[in-house]
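The values are calculated or read from the model by the stated rules, or taken from the named source; none is laboratory data. Just so it is clear, the model here is predicted, and its values are computed rather than measured. We place every Cβ from the backbone using ideal geometry, glycine too, and count neighbours over all the protein chains shown. Areas reflect the complete protein model, heavy atoms only, side chains present, ligands, DNA and RNA absent. Shrake-Rupley method; radii C 1.70, N 1.55, O 1.52, S 1.80 Å.
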Amino acid sequence: MAIFSQLRWRLKNVLREIWVRVSAFGLLGIVTALGAAGFGYIVPPELGMKMGAGSVEPILQIIATAMLTVTTFSLQIMVTAFGSAQTGATPRAIKLLQTDRITQNVLASFIGAFVFSLVGIIALETQIYDDSGRFILLVVTLFVVAIVVLSLLRWVQHLSEFGRLGDVISRVEKAARAALVTRCAEPWLRAQFWKDPPTGVFGVASDRTGHVQHVDIGALEKIARANECRIWLCAPPGEFVHRAVDLVLCDALPGDAEGREAIEEAVRDAFTIDHARDFDQDPQFGLIALAEIASRALSPGINDPGTGIDILGRLIRVLADWHPPGTPHREFERVLVRPIAPGQLIEDAFSAIGRDGAGMFEVALRLQEVLSALAKIQPEHFGEPAAIQALRAAELSQSALVVEAERTRITALAQETAARFGGPGETTGA
């Protein structure tokens, strides 16, 4: 049911953690190694002796030694990749690398093989296997070796891209696009369209400081039904909140202070607040992260306009998937939510690039082209915000570009977009 959405969200986040897969594979290794002793009865003892079941112990020792070394080396590579992403792209992308499934599966298989071999060696030394059990253990060991070899091959291929700048950018783009598509499908988070609240409503302030990562709309609906009221969501996912910020507005009429306190406590429990933003319910965060990568590339210390131009292309690809709210399914009747304004998406995506790339003609030119293209894709929604952003970027380029012809061209493009899509005015010439 929808009221368990916060529980499902928390469970999904826990399952993304690397320790979950590592623990699962390690437990599987223990069960497999000890389980071989219990299935020895299905193999005749003479077959076990004939097939060289006695050679399983040195094989397990080799696996244990090799897997410990490979796992340590792989962890060093993973930490290096995190550091590279933090310095070369943006720290906000590290979480996407940490939840990479291929990396988690490979490391989990290595540790699982190590635990399997270690438990197998201990079990052999304590003589819990008979000849049939040793044969079963040998067969399982060969299967584990095959898994390890395949994991190594997959890991080697994965390392050719893992943590590189292009890989990080692609991950952020994918996360931003997925969040934006999901939000377009549910622009009001399955609640009602926002209408200004009447007078007399009271606000429920946050008791923590941080970013809203998740809102359990189902829990808010349950609170509203129980109190015969409506709830206006003021702090959607991504919002920075503190004790002076209202999470929601509510028109309930509790009979006493104790009733109001109960409502406030239940409302706060529906919000997950942490120090960092999360990509899942927050499409703006993905756009901001892409813009941060571009800003870092355009900084004087790095001076990489090519990456800035690449990010602009990815931003238009992400925003091209945005579409005006239609008539989505509305499951919650007593909760009202604002959709994300198209102008806010444009500002999140391009304001930093317009500032940091103002002195690079090739970046400024591509920015004008991208803003014009977005205005043409969604003229009713992206037209005016794109025109405003184009004029702002052109104004910044007026003071940053040295060559008169370059300033004139950027200004002309911005004024063309503004004239066609309703910008607020014209920039001043050089």
Label-point separation, L142 to A226 (7 Å along Cα→Cβ), nm: 6.1 nm
Identify all lysines with a Cα-Cα distance to K174 below 24 Å; exclude those on the same chain that are fewer than 8 residues away in sequence. K12, K95, K376
Return the carbon/sulfur percentage of the accessible area of the stretch 183-235, one whole number, probe 1.4 Å, all protein chains in place. 49 percent
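Can you bin the stretch 71-172 into rounded, prolate or oblate? Criterion: square roots of the alpha carbon gyration tensor eigenvalues sorted a ≥ b ≥ c, rounded for a/c under 1.5, prolate for a/b above b/c, oblate for the rest. Please report the intermediate quantities before stating the final value.
Values: a/c = 4.26, a/b = 2.98, b/c = 1.43.
Verdict is prolate for the stretch 71-172.
Could you pull out the chymotrypsin sites (Phe, Trp or Tyr not before Pro) across the stretch 296-402 that fall in loop regions by DSSP (anything but H, G, I, E, B) with no more than 14 other Cβ atoms inside 10 Å? Present the calculation step by step, with values, prior to reporting the outcome.
Numbers: sites: W322, F332, F350, F361, F382; in loops: W322, F332.
Answer by residue number: there is no such site.
Gain in length, L150 to F73, computed as 0.36 nm per residue apart minus the alpha-carbon separation, to one decimal in nm?
Working: separation 77, 0.36 × 77 = 27.72 nm, distance 1.73 nm.
The span from L150 to F73 would gain 26.0 nm if fully extended.
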Taking a probe of 1.4 angstrom, what is the accessible area of C184 in Å², to the nearest 10? 10 Å²
To test your reading of the geometry: what angle, between 0 and 90 degrees and rounded to tens, separates the Cα axis of helix 305-319 from the longest principal axis of the chain? 90 degrees
Going 7 Å from the Cα of H323 along its beta-carbon direction, which residues of the stretch 378-409 have the amide nitrogen within less than 16 Å of the resulting point? 378-382
For L150 the rounded accessible area (nearest 10 Å², probe 1.4 Å, non-protein molecules ignored) is 120 Å²
Applying the gyration tensor rule to the Cα atoms of the chain (axes a ≥ b ≥ c; rounded if a/c under 1.5, else prolate if a/b exceeds b/c, else oblate), the class is oblate
Dipole magnitude of the stretch 300-430, debye to nearest 20 (Cβ charges: Lys/Arg +1, Asp/Glu -1, about Cα centre): 200 debye
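How much accessible area per residue does the stretch 342-382 have, counting only protein heavy atoms and a probe of 1.4 Å, in square angstrom?
Working: 1510 Å² over 41 residues.
With all protein chains present, the stretch 342-382 gives 37 Å² per residue.
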Pick from H381, H214, H158: which is most flexible by mean-square fluctuation in a GNM of the chain where alpha carbon atoms under 10 Å apart are linked? H158
For a quick check of understanding: with a 1.4 angstrom probe and all protein chains in place, what accessible area in square angstrom does S117 have, to the nearest ten? 0 Å²
Solvent-accessible area per residue for the stretch 85-227 (1.4 angstrom probe, square angstrom): 45 Å²
Estimated dipole of the chain in Debye, rounded to 20 [Cβ of Lys and Arg +1, of Asp and Glu -1, Cα centre]: 640 debye
Nearest-0.05 FRET efficiency for L253 and Q344, computed from C-beta distance (R0 35 Å): 0.55
Within the stretch 269-373, list the GluC sites (Glu not before Pro) lying in a DSSP loop whose Cβ has at most 15 other Cβ atoms in a 10 Å radius. E331, E333
For the stretch 273-332, what % of the accessible area comes from carbon and sulfur atoms, probe 1.4 Å? 51 percent
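With only Lys, Arg, Asp and Glu charged, each at its Cβ (+1 for the first two, -1 for the last two), find how big the charge dipole of the stretch 207-277 is about the Cα centre; round to the nearest 20 debye. Spell out each step's value before the answer.
Values: 8 positive and 14 negative charges, 52 e Å.
Here the size comes out at about 240 debye.
Take every Cα pair under 8 Å in the chain that's 6+ residues apart, average their separations, divide by the length, and report that relative contact order as a whole percent.
On the way: 693 pairs, mean separation 68.3, N = 430.
Reported relative contact order: 16 percent.
Starting from 0.36 nm per residue, how many nanometres of slack lie between A405 and A178 once their C-alpha separation is accounted for?
Details: separation 227, 0.36 × 227 = 81.72 nm, distance 4.03 nm.
Additional length available on full extension: 77.7 nm.
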